[in-house]
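What follows is a single structure, written as structure tokens, with notes after it.
The values are calculated or read from the model by the stated rules, or taken from the named source; none is laboratory data. Please read these numbers as outputs of a predicted model, since none were measured by experiment. All Cβ positions, even for glycine, are placed from backbone atoms using ideal geometry, and neighbour counts span all protein chains on display. Remember, those area values only see protein heavy atoms, side chains included, never the ligands or the DNA or RNA. Shrake-Rupley method; radii C 1.70, N 1.55, O 1.52, S 1.80 Å.
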Amino acid sequence: SSAMLIAALDRGDASEVYNIIQDGIARQAFGANVVEWFLEEKIANKNVVRHVRPWLVSERSWKRRKAKRPLSRVELSRLAALAHVVRQARRLWQDNAVAMKFLTTPHPRLHGREPMQVAASEGGLPAVLELLQRIEEGAPV
């Protein structure tokens with residue numbers, strides 16, 4: 001259910017998120033409310049929310065999701081990736097505002113794209129996690 005997914009995202013339990021998503025996809029259990037919770041609770045900055053939400057669910061699809069259509073497998077994967085990146089950035093900086101600034105500022109190591117945008121794209125999560133790891137280790141970025 002959506003409540004179980006939200007709780008697992010909140011705890012940062014990646015394997016639990018994966019299992020819940022796999023189970024829920026078959027039942028078409030997740031809708032716009034999961035995305036709204038993530039944006040309101042974990043991003044919490046209205047300007048950033050407006051900027052980030054289309055990376056999770058396109059404008060056209062958002063209207064359908066708001067009309068009670070379930071999230072797609074790709075949209076759920078994007079949500080899980082962004083939740084992981086936000087959690088890692090907050091852990092690294094210990095400050096939500098600094099983490100959000102980093103995640104929404106174009107970075108040269110990501111070809112001038114924002115880390116959140118890259119994390120929401122297919123195959124982009126490892127690049128953003130590597131960048132965060134390099135920063136944490138003090139390696140040149």
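Every condition in (1) within 17 Å of residue 36 (Cα to Cα); (2) open to solvent by 50 Å² or more (accessible area, probe 1.4 Å) holds for residue 105 except the one numbered (1).
Screening residue 85 against (1) surrounded by fewer than 17 Cβ atoms within 10 Å (Cβ to Cβ); (2) touching a Pro at 6+ places or on another chain (Cβ under 9 Å); (3) on the phi < 0 side of the Ramachandran plot leaves a single unmet condition, (1).
Taken over segment 52-63, the residue count meeting the criterion of being free of Cβ contacts under 8 Å to residues at least 40 places away in the same chain and not in a loop (DSSP other than H, G, I, E, B) is 7.
The rows are residues; the columns are (1) assigned to a helix (DSSP H, G or I); (2) under 21 Å from residue 132 (Cα atoms).
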residue: 30; (1), (2): no, no
residue: 40; (1), (2): yes, no
residue: 50; (1), (2): yes, no
residue: 84; (1), (2): yes, yes
residue: 87; (1), (2): yes, yes
residue: 92; (1), (2): yes, yes
residue: 98; (1), (2): yes, yes
residue: 105; (1), (2): no, yes
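Summed over segment 88-102, the residues that are among the charged types (D, E, K, R) and open to solvent by less than 70 Å² (accessible area, probe 1.4 Å) give a count of 2. Based on what the data block shows, is residue 128 open to solvent by less than 40 Å² (accessible area, probe 1.4 Å), under 15 Å from residue 55 (Cβ atoms), hydrophobic (A, V, I, L, M, F, W, C) and without any contact (Cβ under 8 Å) to a residue 12 or more places away in the chain? Spelling it out, it is not the case that residue 128 is open to solvent by less than 40 Å² (accessible area, probe 1.4 Å), under 15 Å from residue 55 (Cβ atoms), hydrophobic (A, V, I, L, M, F, W, C) and without any contact (Cβ under 8 Å) to a residue 12 or more places away in the chain. Scanning segment 108-125 for residues that are within 27 Å of residue 20 (Cα to Cα), part of a helix (DSSP H, G or I) and open to solvent by 40 Å² or more (accessible area, probe 1.4 Å) yields a count of 2. Just wondering, is there one or more residues in segment 35-47 that are open to solvent by less than 60 Å² (accessible area, probe 1.4 Å), of a type in the set (A, V, I, L, M), more than 26 Å from residue 98 (Cα to Cα) and touching a Leu at 6+ places or on another chain (Cβ under 9 Å)? No, that holds for no residue.
Inspect all residues belonging to segment 64-82 and state whether any of them is of a type in the set (A, V, I, L, M, F, W, C), crowded, with 17+ Cβ neighbours inside 10 Å and part of a loop (DSSP other than H, G, I, E, B). Within segment 64-82, one or more residues are of a type in the set (A, V, I, L, M, F, W, C), crowded, with 17+ Cβ neighbours inside 10 Å and part of a loop (DSSP other than H, G, I, E, B).
Yes or no, residue by residue, for (1) within 16 Å of residue 81 (Cα to Cα); (2) of a type outside the set (Phe, Trp, Tyr); (3) in contact (Cβ under 8 Å) with a residue 60 or more places away in the chain:
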residue: 4; (1), (2), (3): no, yes, no
residue: 12; (1), (2), (3): yes, yes, yes
residue: 17; (1), (2), (3): yes, yes, yes
residue: 21; (1), (2), (3): yes, yes, no
residue: 24; (1), (2), (3): no, yes, no
residue: 29; (1), (2), (3): no, yes, no
residue: 38; (1), (2), (3): yes, no, no
